[in-house]
1. In the stretch A:85-101, how many residues are of a type outside the set (V, I, T) and within 14 Å of chain B (Cβ to nearest Cβ)?
2. Look at the stretch A:75-107 and say how many of its residues are in contact with a helix residue (DSSP H, G or I) (Cβ under 8 Å, 6 or more places away or on another chain), over 18 Å from A:L53 (Cβ atoms) and open to solvent by 50 Å² or more (accessible area, probe 1.4 Å).
3. Look at the stretch B:49-84 and say how many of its residues are open to solvent by 60 Å² or more (accessible area, probe 1.4 Å), within 10 Å of another protein chain (Cβ to nearest Cβ) and not β-branched (V, I, T).
4. Run A:K44 past the list (1) over 18 Å from the mean Cα position of the chain (by Cα); (2) within 14 Å of chain B (Cβ to nearest Cβ); (3) basic (K, R) and report the number of the one that doesn't hold.
5. Say we look at the stretch A:121-140 and pick out the residues that are near the ligand (Cβ under 9 Å from one of its atoms) and closer than 11 Å to A:M92 by Cβ; which of these is most open to solvent (accessible area, probe 1.4 Å)?
6. Here are some conditions: (1) more than 16 Å from A:G83 (Cα to Cα); (2) open to solvent by 60 Å² or more (accessible area, probe 1.4 Å). A:A69 meets all but one. Which one does it not meet?
7. Do you know which of the residues in the stretch A:26-56 that are open to solvent by 50 Å² or more (accessible area, probe 1.4 Å) and part of a loop (DSSP other than H, G, I, E, B) is modelled with the lowest pLDDT?
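The values are calculated or read from the model by the stated rules, or taken from the named source; none is laboratory data. Bear in mind the structure is a predicted one, so any value in this text is a computation, not a measurement. Because the Cβ atoms are built from the backbone with ideal geometry, glycine has one as well, and the counts that use them run over all protein chains shown. Keep in mind that these areas ignore ligands, DNA and RNA; they rest on the heavy atoms of the full protein, side chains included. Shrake-Rupley method; radii C 1.70, N 1.55, O 1.52, S 1.80 Å.
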Amino acid sequence: MRLLHWTMAGLVLTLLALGFVMTQGTLGGAFDLATSFTLYQWHKWIGLLVLALWLPRLVARGATQAPAALAGWQGRAARAAHGGLYVLMLAMPVTGWLATSASPLHLPLLVPLPVLGPVALPDLIAPDARAYALLSTAHEILAFALIGLVALHVAGAARHALVNRDDTLRRMAP
Amino acid sequence: MLRNSVVLCAASLVALALAPLSPAAAAAYRVETGQTHIDFAIGAKGYPVTRGEFHRFNASVAIDAAAPAKSQVAFDVAAASIDTHAPLLDDYVRGAGFLDTAHHPGIAFHSTTVRQMNDRTVELAGNLSLLGVTRPETFRVTVTPEGTAFRLVAQGEIRRSDFGMTGGLPLVSDTVTITVSTLALAQ
Ligand code: HEM
């Protein structure tokens, strides 16, 4: 659970950073096509890795005894934030994959699997400029929601450690 | 013995007599591989120009300096040897939307006519084969003598959609500028 938690935390933060950095290229010409392409590629692969880890993550969560929830609004906020994080960790890769499928560029989504070699993932929907605009906007808005929840989550963890002085954070120490 | 010499003599005479009628073919030159570059440049919306080159090829060049129109050029290029300095992008471009190298391993250009524009420039017309489609295309070639050798720089533009290459359109532009520079050495 801890390993999964910190792996996914690292992956998601990388994805957020990569996502915002790579999309700058098309605006100000910050990157050449090759660099931008490479960044997008890595973004998609890491994002799909998060997708692949999502179910094991949920199973691990179910199998772990979570610390007793705080009473009152703090407990409700924590439950909502955790639920939101799980939803977004699924919704982000799914909207990303959908947006990639809908892209008018219609490039195949190749994933370099170990041993098996590159595998082309199927398009979830047909290419369509409007669907792409919609889905990439959804992906972006969800990314901001994710940042908000991560901030809340970190604040909550910090409060446990610094204000409440309980061992909630220590449980997750790597 | 004597008979053989007579036959040889006669053959030489015939050859001499025919010479003015069938002008000597353009001389074959050796293409200096290390000084040959098959480059391309392509635009994409919002990005600076993307450049790349093909590394593996076979080329033959025959030049007749006195009668440039008799010169001939042929290039056979291995499509999979594409290099944009980004391996991930190369893999993509080798794929189905672009070069489809699994089905079309070769790109070829064989000249048909050479027209002299001025003393340094010729217009090279020929057939370009790409993705199984063969079309006439022209290149403008600047010719610079270097001793007995010639430095040739050919440049032309093609529309990749003419050959059925539609990957990345319209973000990645249809027009591709091709520049081939080579050093042709007299043999
Ligand atoms: C947890 C997983 C993911 C996170 C946190 C994430 C995050 C981001 C962020 C922050 C952006 C920049 C948003 C913007 O400014 O437009 C972005 C863009 C993008 N992401 Fe993801 N992403 C994830 C998964 C994926 C996956 C799995 C794919 C594809 C298979 C994908 C494809 C894209 C694409 C194509 C864009 C560019 C959209 C555009 O052109 O505006 N993402 N992502």
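1. Our first condition is that a residue be of a type outside the set (V, I, T); within the stretch A:85-101, this holds for A:85-86, A:88-93, A:96-99, A:101.
Subsequent filtering for residues that are within 14 Å of chain B (Cβ to nearest Cβ) retains none.
Total meeting the criteria: 0.
2. Of the residues in the stretch A:75-107, the ones in contact with a helix residue (DSSP H, G or I) (Cβ under 8 Å, 6 or more places away or on another chain) are A:77-78, A:81-82, A:84-86, A:88-100, A:102-104, A:107.
Narrowing the set further to residues that are over 18 Å from A:L53 (Cβ atoms) leaves A:77-78, A:81, A:98-100, A:102-104, A:107.
Add one more test, that the residue is open to solvent by 50 Å² or more (accessible area, probe 1.4 Å), and what stays is A:104.
Of the residues in the stretch A:75-107, 1 are in contact with a helix residue (DSSP H, G or I) (Cβ under 8 Å, 6 or more places away or on another chain), over 18 Å from A:L53 (Cβ atoms) and open to solvent by 50 Å² or more (accessible area, probe 1.4 Å).
3. In the first step, residues of the stretch B:49-84 are kept if they are open to solvent by 60 Å² or more (accessible area, probe 1.4 Å); the result is B:49, B:51, B:55-56, B:58, B:60, B:65-66, B:69-70, B:72, B:76.
Of the ones still in play, those that are also within 10 Å of another protein chain (Cβ to nearest Cβ) are B:49, B:51.
Going one step further and asking which of them are not β-branched (V, I, T), we end up with B:51.
Going through the stretch B:49-84 one residue at a time, the tally reaches 1.
4. Going through the list (1) over 18 Å from the mean Cα position of the chain (by Cα); (2) within 14 Å of chain B (Cβ to nearest Cβ); (3) basic (K, R), A:K44 breaks only (1).
5. So, considering only residues that are near the ligand (Cβ under 9 Å from one of its atoms) and closer than 11 Å to A:M92 by Cβ, the one most open to solvent (accessible area, probe 1.4 Å) is A:E140.
6. (1)
7. The qualifying residue modelled with the lowest pLDDT is A:A30.
Let's see how each residue does on (1) in contact with a strand residue (DSSP E or B) (Cβ under 8 Å, 6 or more places away or on another chain); (2) within 23 Å of B:L169 (Cβ to Cβ); (3) at pLDDT 95 or above; (4) part of a strand (DSSP E or B):
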| position | (1), (2), (3), (4) |
| --- | --- |
| B:F98 | no, yes, no, no |
| B:L124 | yes, no, yes, yes |
| B:L128 | yes, yes, yes, yes |
| B:P136 | yes, yes, yes, yes |
